[in-house]
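Asker: Below is one structure. I have some questions about it.
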Amino acid sequence: QVHLVESGGGLVQPGGSLRLSCAGSGFNPEHYVMGWVRQAPGKEREGVACILRPGGNTFHAPSLKGRFTISRDIVKNTVSLQMEDLEPDDTGIYYCVADPIWTATMTRPDRFSAWGQGIQVTVSS
């Protein structure tokens, strides 16, 4: 069974930075795309970013304007999201997601098959 466990969420001031991490287990990381999805209160889930492998194909939502960067460690089976210049609109629950490479659509991580429990990110002064 695929298990994804997020960590690193919390409260941060506008303009600040935060790093989210996700530990995966129960699957071969070479065969899975991993990524991040978020959901703000009252809004639909939104794909944030995903990555095939270190140095490989990635997707970052254009609306983020380069503020977030995804990275991955295949050996440790972890994926991280470095969040910079955070805004109040970035507030929400962030989910680690994964999908087999043969079914994943890189531009739609919100459609990935495996989801973590989610972790709260709050950007507020």
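The values are calculated or read from the model by the stated rules, or taken from the named source; none is laboratory data. These numbers come from a predicted model, not from an experiment. Quick reminder, even Gly has a Cβ in these numbers, built from the backbone with ideal geometry, and neighbours come from all protein chains shown. Each accessible area value is taken on the protein alone, full model and side chains, heavy atoms only, with ligands, DNA and RNA left out. Shrake-Rupley method; radii C 1.70, N 1.55, O 1.52, S 1.80 Å.
Asker: Checking Arg38 against (1) assigned to a loop (DSSP other than H, G, I, E, B); (2) in contact with a helix residue (DSSP H, G or I) (Cβ under 9 Å, 6 or more places away or on another chain): exactly one of these is not met. Which one?
Answerer: (1)
Asker: For Phe68, state whether it is farther than 18 Å from Val2 by Cβ, in contact with a strand residue (DSSP E or B) (Cβ under 7 Å, 6 or more places away or on another chain) and aromatic (Phe, Trp, Tyr).
Answerer: yes
Asker: Also, I was wondering about something else. Give the residue, chosen from Glu30, Glu44, that is out of contact with any strand residue (DSSP E or B) (no Cβ under 9 Å at 6 or more places or on another chain), of a type in the set (D, E, K, R), under 17 Å from Gln117 (Cα atoms) and not in a strand (DSSP E or B).
Answerer: Glu44
Asker: Still on this structure, please answer the following. Can you find, within region 65-99, the residue that is surrounded by the fewest Cβ atoms within 10 Å (Cβ to Cβ) among those that are of a type in the set (A, V, I, L, M) and closer than 27 Å to Glu30 by Cβ?
Answerer: The extreme case among them is Val75.
Asker: If you don't mind, another one. Taking region 73-103 as the search range and keeping residues that are assigned to a loop (DSSP other than H, G, I, E, B) and in contact with a Leu (Cβ under 8 Å, 6 or more places away or on another chain), which one is nearest to Thr122 (Cα to Cα)?
Answerer: Leu86
Asker: Out of curiosity, is Gly35 open to solvent by less than 40 Å² (accessible area, probe 1.4 Å), in contact with a strand residue (DSSP E or B) (Cβ under 7 Å, 6 or more places away or on another chain), over 26 Å from Ser125 (Cβ atoms) and in contact (Cβ under 8 Å) with a residue 60 or more places away in the chain?
Answerer: Against the criterion (open to solvent by less than 40 Å² (accessible area, probe 1.4 Å), in contact with a strand residue (DSSP E or B) (Cβ under 7 Å, 6 or more places away or on another chain), over 26 Å from Ser125 (Cβ atoms) and in contact (Cβ under 8 Å) with a residue 60 or more places away in the chain), Gly35 qualifies.
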